[in-house]
Every structure is written in structure tokens, then in C-alpha cells.
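As C-alpha cells, the structure follows; a few thoughts come after it.
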Amino acid sequence: MTHDLVVRSRRTVTPEGERPLAVCVRDGRIAELRPYDAPAEAARETDLGEVALLPGLVDTHVHVNEPGRTEWEGFRTATRAAAAGGVTTLIDMPLNSVPPTVGVAELEVKRTAARGRVHVDVGFWGGAVPGNVPALRPLHEAGVYGFKCFTSPSGVDEFPALAWDEVRAAMTEIASFDGLLIVHAEDPDALAEPAGGAFADFLASRPPEAELGAIGRLVDLAARTGCRLHIVHLSAADALPLLAEARRSGVRVTAETCPHYLTLTAEEVPEGATEFKCCPPIRTAANRERLWEGLAAGVISTVVSDHSPCVPELKRGDFATAWGGISSVQLGLPAVWTAARARGHSLADVAGWMAAGPADLVGLPGKGRIAVGHDADLVAFAADERQVVDPAALHHRHRLTPYAGRELTGVVRATWLRGEQVSPAGEGVRGRLLAARP
């Protein structure tokens, strides 16, 4: 039987580990996995040799910002950067766009803005904000993958934080249809205005106790309501024992962290380098190592970008006034792999954290793995090749990045979406808009 595409690699990364395989693609899906040297008829064939073949990454935490703040980022640029970084599916956050995705009408505005502009597959989160509990079930039925809320100010007026009684009401409603609530978890009572503009002042203003306190209350509410709970961008390793105990007790809680928390440290942030500012903040080297331990133990299940760009002028000033967000959707794979391999982890581990884990979180059974029947979303990754990050080579709209000039190991050589190669230069728009099945 003739296939549309065969991609061979001696380092094909499957759920069972690296294997020399030929991945045979027909009608956009993986039809067969054959031995590396096995003959296979195909219209197109690529032999990667020792270049690794990974499943396309699934990034469930991306702020695209279109419409309303398209000058910050947009679907064309964000998804082009994603493809260049080996991300073949992303889920767009409900805030920083105007309007935010807090109702079915707003979701359709977002879909209209994205339609025909995406280079990778794109799905959408809904938002939980004060007063929109009646909108949650309709949003779920319209195909959002879950609901994002904040327990502290979000940074934009049109997406207010929930008070604790509002969190409980949202959880109760979401549990009634077995949905998922994902939470920016910081206790507002533990936060303060920075005493000055230095990074140390900013770090002190958002202590680990803010995350720990909020996560403790959220876990208790999840236990009481039965709601599925996911903690986004965990930065404080102090919360790991609490999360581990909650999971042992049967609470349905998961957590993610981000490349910047696993690779960067507070000790190395240069003064005035506001490209390092994010919320929660980058913490100490000792904290970073504990996050790696939590990842290895499975307490943290996913690694996603929290790609959160803005216009350059909002990054001017100091750590008290600059916008908090890091743009990294294109760099997450080499950044995480550089740090992971130094700690003895494998490419299969990285694929689990950045592809299979996020796909499982949001319920994308055909994504995140090189397996028969799955979408042929594939990444050619030169895992031993080094690169120095050049902002001019980045594809997101504004190229400010804390990784500029940093040497990373691993280079994305090609990305396929359902068996068709995606060009980071932007020729062809191959992505689809995804909707969750209620």
C-alpha cells in the first residue's frame, strides 16, 4: 500500500523510548510504524538518520492576544513561531485579547479572528470571571477545553480575579459537567507592591507563600466540589508536597511549570533586564532544582510556555512597572532539552512533559505521541546540535527574550502537521481550529 509520506529516524521517540523506525503516514495520520530499514512505498520520503523524530509538541498555555491586542501578538505570528519551535497544537488563553473569551459570543469572535490565519492547530480556553457562572456550561458545550481564572489581579481590567466564594461557585458549576478549571494561583493577601524597581524588590513582592496559600485553598475547594483542578505556571517548589499529598488523597489536581522556571534563576537576572519579568517570578537556583525533582516524580505533569508577549514599550522601565510576561513558544523545546539532558533525562521524558502530558490534560487523544492512529504531527530535532539564540531568528511579533545570546542544545529542523511540512516562513496555512467534545 502506498503511503503519502515516510519519515525515517534512528532516534524516533515513542512512548516506549527511542527506537529506529520508519513512520508511515496516510491521510494525515500515522498508518504504520515499521523498522527503520524496512521498505515502504510512499509519494514522499525523508531519512533523518541520527536526527531525532519527536511527536509535535502540545502547548496548552499561549497568550495570542488577538483580537484587541494584536499589536502585542497575533495568530499568524504566534503560530508561525510555534511551528518553528516544534509546537503543532496550542491552546489559546482567554485573556489579553479584547474581548476576553468569557461567553459563547466572545468565543466566536476569537474563532473568527483565528480562522485562516493559523499555521498549527489551535484550540481555546474559556474564562471564569465574576458574574459569568451561567456562561460556563454553554462555553463547554461550544468546545472550549476548560476555564482559566485568577485568584489575584490578572494585569488587565477586562479579566478580573475571582474572590474565593466565586471560585467555589465556578468549581461547583464546572464539576457538574466534569470540566476543568485552570488557575493562576497566588493569594492576593500575600502579594505586595515592590519596594523598588530592582529584581530583588519584585521577587520579594511575590513570595512563595503567595502560591502556597492559594494552592492550599484551591485543593480544599477541589476536594469539596469534585472539580478537576490544574495549577498553571507553578514556580514555587514549596507547593510540591501539598500537591503530592492532595493527589494521594484522591483530589483531581495537576500542575504545570514553564521553561523559564526550569532553566533561569533569580541569581542570574541582570538588573534592568525586564525581559526576565513574569508572574509568578523566576526564583532561586535551589528552587529550580526542586522543580526538576517534582517533574521527575510526576507531581508536575506538563511543561508549557506561558508565551505572554507585549509591545516593547511595555517592557521599558523597571521591574516594578514593566509588563510581566516571557515570549518563549519557539524556544521551549531546546531550552528544556538543554537542562533536561544535563540532569540525565531522555528525549522521551521531554516528549512526555511537552507533548503527551499536555494532550492528555485537555483531552486530545490523537495528539502528542508517535503512535498508530495519531495525527502525523512530527518534529525533526537535531538533539546534539548547539545554537546561540539570535532574536532576529524568532518568529513571534516582538523578539525580546531572556534567552538572547544563550547557548542551547537542540535545533528544530522540520515540523510536520498531519504529514504536511509547515514552513516557518509562512507559506501555506495548514492549521485547524479545534473544539473539545463535551
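Considering Glu173, Glu166, Glu158, Glu186, which residue is open to solvent by 30 Å² or more (accessible area, probe 1.4 Å) and touching a residue at least 60 places away in the same chain (Cβ under 8 Å)?
Values: Glu173 fails: touching a residue at least 60 places away in the same chain (Cβ under 8 Å); Glu166 fails: touching a residue at least 60 places away in the same chain (Cβ under 8 Å); Glu186 fails: open to solvent by 30 Å² or more (accessible area, probe 1.4 Å).
Glu158 is the lone residue from the list that is open to solvent by 30 Å² or more (accessible area, probe 1.4 Å) and touching a residue at least 60 places away in the same chain (Cβ under 8 Å).
Could you go through the stretch 116-137 and let me know if any residue there is charged (D, E, K, R), within 21 Å of the chain's Cα centre (by Cα) and in a loop (DSSP other than H, G, I, E, B). Please lay out each step first, then the result.
Applying the first criterion (charged (D, E, K, R)) to the stretch 116-137 yields 117, 121, 137.
Filter once more, keeping what is within 21 Å of the chain's Cα centre (by Cα): 117, 121.
Add one more test, that the residue is in a loop (DSSP other than H, G, I, E, B), and what stays is 117.
Yes, the stretch 116-137 has at least one match.
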> Do any residues in the stretch 297-313 that are closer than 20 Å to Trp337 by Cβ have Cβ atoms under 6 Å from those of residues that are among the acidic types (Asp, Glu), where the two are at least six apart or on different chains, and which pairs are they?
Replying inline: Thr302/Glu256; Val304/Asp59; Val304/Glu256; Ser305/Asp59
> Does Glu267 satisfy the condition of being open to solvent by 10 Å² or more (accessible area, probe 1.4 Å) and within 17 Å of Leu400 (Cβ to Cβ)?
Replying inline: no
>> I need a count of the residues in the stretch 223-245 that are crowded, with 23+ Cβ neighbours inside 10 Å and over 21 Å from the mean Cα position of the chain (by Cα).
In response: 1
>> Quick test of your reading of the structure: Ser97 fulfils all but one of (1) in contact with a strand residue (DSSP E or B) (Cβ under 8 Å, 6 or more places away or on another chain); (2) surrounded by 18 or more Cβ atoms within 10 Å (Cβ to Cβ). Name the failing condition by number.
In response: (1)
> Got a number for residues in the stretch 244-274 being touching a Ser or Thr at 6+ places or on another chain (Cβ under 8 Å) and either of a type in the set (A, V, I, L, M) or within 16 Å of Gly332 (Cβ to Cβ) (or both)?
Replying inline: 9
>> Which pairs turn up if I take residues in the stretch 82-93 that are more than 8 Å from Thr415 (Cα to Cα) and look for partners that are surrounded by fewer than 24 Cβ atoms within 10 Å (Cβ to Cβ) and among the aromatic types (Phe, Trp, Tyr) with beta carbon separation below 7 Å, at least 6 apart in sequence or on another chain?
In response: Ile91/Tyr145
>> Can you find a residue that is in contact (Cβ under 8 Å) with a residue 40 or more places away in the chain, open to solvent by less than 30 Å² (accessible area, probe 1.4 Å) and on the phi > 0 side of the Ramachandran plot anywhere in the stretch 113-133?
In response: no
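Among what's in the stretch 305-323 and is of a type in the set (Gly, Ala, Ser) and either buried (at least 24 other Cβ atoms within 10 Å of the Cβ) or at pLDDT 95 or above (or both), pick the residue that is nearest to Arg76 (Cα to Cα).
Taking the stretch 305-323 as the starting set, the residues that turn out to be of a type in the set (Gly, Ala, Ser) are 305, 308, 317, 320, 322.
Filter once more, so that each one left must be either buried (at least 24 other Cβ atoms within 10 Å of the Cβ) or at pLDDT 95 or above (or both): 305, 308, 320, 322.
Values: Ser305: 18, Ser308: 15, Ala320: 31, Ala322: 25 Å.
Within the stretch 305-323, the match that is nearest to Arg76 (Cα to Cα) is Ser308.
Answer yes if at least one residue in the stretch 210-220 is open to solvent by 10 Å² or more (accessible area, probe 1.4 Å), touching a strand residue (DSSP E or B) at 6+ places or on another chain (Cβ under 8 Å) and either among the hydrophobic types (A, V, I, L, M, F, W, C) or part of a helix (DSSP H, G or I) (or both), and no otherwise.
Within the stretch 210-220, the first condition is being open to solvent by 10 Å² or more (accessible area, probe 1.4 Å), and the residues that meet it are 212-213, 216-217, 219-220.
Among the residues that remain, those that are also touching a strand residue (DSSP E or B) at 6+ places or on another chain (Cβ under 8 Å) are: 219.
Now restrict to residues that are either among the hydrophobic types (A, V, I, L, M, F, W, C) or part of a helix (DSSP H, G or I) (or both): 219.
Checked against the condition, which is being open to solvent by 10 Å² or more (accessible area, probe 1.4 Å), touching a strand residue (DSSP E or B) at 6+ places or on another chain (Cβ under 8 Å) and either among the hydrophobic types (A, V, I, L, M, F, W, C) or part of a helix (DSSP H, G or I) (or both), the stretch 210-220 yields at least one hit.
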>> Checking Pro153 against (1) open to solvent by 50 Å² or more (accessible area, probe 1.4 Å); (2) closer than 30 Å to Arg437 by Cβ, only one condition comes out false. Which one?
In response: (2)
> Can you name every residue in the stretch 258-269 that is free of Cβ contacts under 8 Å to residues at least 24 places away in the same chain and assigned to a loop (DSSP other than H, G, I, E, B)?
Replying inline: Thr265
> Looking at the stretch 247-257, is at least one residue part of a helix (DSSP H, G or I), in contact with a helix residue (DSSP H, G or I) (Cβ under 9 Å, 6 or more places away or on another chain) and crowded, with 18+ Cβ neighbours inside 10 Å?
Replying inline: no
>> When you scan the stretch 273-286, do you find a residue that is within 18 Å of Val120 (Cα to Cα) and in contact (Cβ under 8 Å) with a residue 12 or more places away in the chain, even just one?
In response: no
>> Checking Ala404 against (1) in contact with a Pro (Cβ under 8 Å, 6 or more places away or on another chain); (2) under 28 Å from Ala114 (Cβ atoms), only one condition comes out false. Which one?
In response: (2)
> Do we find that Arg430 is within 30 Å of His345 (Cα to Cα) and among the basic types (Lys, Arg) in this structure?
Replying inline: no
> How many of the residues making up the stretch 389-410 are closer than 22 Å to Pro312 by Cα and either open to solvent by 60 Å² or more (accessible area, probe 1.4 Å) or aliphatic (A, V, I, L, M) (or both)?
Replying inline: 10
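The values are calculated or read from the model by the stated rules, or taken from the named source; none is laboratory data. None of the values given here were measured: they were computed from a predicted structure. No Cβ is skipped: glycine too gets one built from the backbone with ideal geometry, and neighbour counts run over all protein chains shown. Quick note on the areas: whole protein, heavy atoms, side chains included, nothing else; ligands and nucleic acids left out. Shrake-Rupley method; radii C 1.70, N 1.55, O 1.52, S 1.80 Å.
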